[in-house]
Amino acid sequence: MPRAALPLNFAHAALTIARLPNFGVRDIARRRSGQRTGMPELFVARSEDLPEGARAFVTANGSQIGVIRAKGQLHAYLNMCPHQGGPVCEGLMVHRVEEIIAEDKTYQGMRFCEDDLHIVCPWHGWEFNIETGRCAGDGKHGLKRFQTVEREDGIYVVV
Ligand code: FES
């Protein structure tokens with residue numbers, strides 16, 4: 001299906017292709033002006049190019065934003081870990097590990113908590129809830145979140 005011609009302003013465009021082996025990372029940024037939210041929006045990818053578990057990166061005002069589709073929703077965060085600035089959005093996504101404690105308080109092992117998906121910063125392993133951006137180990141730390149919009153012609157991040 002042909003895509004509608006949209007006015008593109010490449011003055012601030014960034015185009016970087018970066019693929020990580022596990023996630024099919026795509027980094028394509030095209031700035032478009034006059035979007036419907038009334039805020040500047042950046043085109044991220046066509047919806048079909050960002051399936052469940054995939055992520056894309058765009059650059060806005062010199063900062064990289066990671067856009068991740070996980071648990072059926074889009075999540076966009078500044079790709080900068082609050083610990084020491086690592087590229088947190090490039091980290092592994094794993095479910096929270098929880099300990100199994102029996103009624104008699106004996107330890108029964110560990111299991112993954114399927115409801116709680118984390119992204120793990122590749123530098124030192126800080127984990128963040130993918131839905132809230134809050135740090136799993138210390139809730140006073142969190143990722144800077146951006147609003148996303150998904151339309152017929154693709155996914156946008158509000159910057
Ligand atoms: S920079 Fe992310 S855990 Fe240290």
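The values are calculated or read from the model by the stated rules, or taken from the named source; none is laboratory data. All values derive from a computational prediction rather than experimental measurement. FYI the Cβ positions are ideal-geometry reconstructions off the backbone, even for glycines, and counts take in every protein chain you see.
Things worth noting here:
- Close Cβ contacts (under 7 Å, 6 or more residues apart or on different chains) running from residues in region 111-140 that are in contact (Cβ under 8 Å) with a residue 40 or more places away in the chain and under 14 Å from residue 68 (Cβ atoms) to residues that are surrounded by 15 or more Cβ atoms within 10 Å (Cβ to Cβ) and aromatic (Phe, Trp, Tyr) comprise 119/128; 133/77.
- Enumeration of residues in region 35-49 that are in contact with an Asp or Glu (Cβ under 9 Å, 6 or more places away or on another chain) and at pLDDT below 95: 35
- Number of residues in region 89-105 that are part of a strand (DSSP E or B) and surrounded by fewer than 10 Cβ atoms within 10 Å (Cβ to Cβ): the value is 1.
- Members of region 132-159 that are outside any strand (DSSP E or B) and surrounded by fewer than 15 Cβ atoms within 10 Å (Cβ to Cβ): 132, 137, 138, 139, 140, 144, 147, 152, 153
- Test for residue 86: is it part of a loop (DSSP other than H, G, I, E, B), of a type outside the set (A, V, I, L, M, F, W, C), within 16 Å of the ligand (Cβ to nearest atom) and under 21 Å from residue 58 (Cα atoms): yes
- Among the candidates 127, 52, 103, residue that is more than 24 Å from residue 158 (Cα to Cα), modelled with pLDDT of 95 or more and under 15 Å from the mean Cα position of the chain (by Cα): 127
- Looking only at residues in region 121-146 that are touching a helix residue (DSSP H, G or I) at 6+ places or on another chain (Cβ under 8 Å) and closer than 19 Å to residue 54 by Cα, the one that is nearest to the ligand (Cβ to nearest atom) is 121.
- Residue in region 89-110 that is nearest to the ligand (Cβ to nearest atom), counting only those that are closer than 18 Å to residue 66 by Cα and of a type outside the set (Val, Ile, Thr): 91
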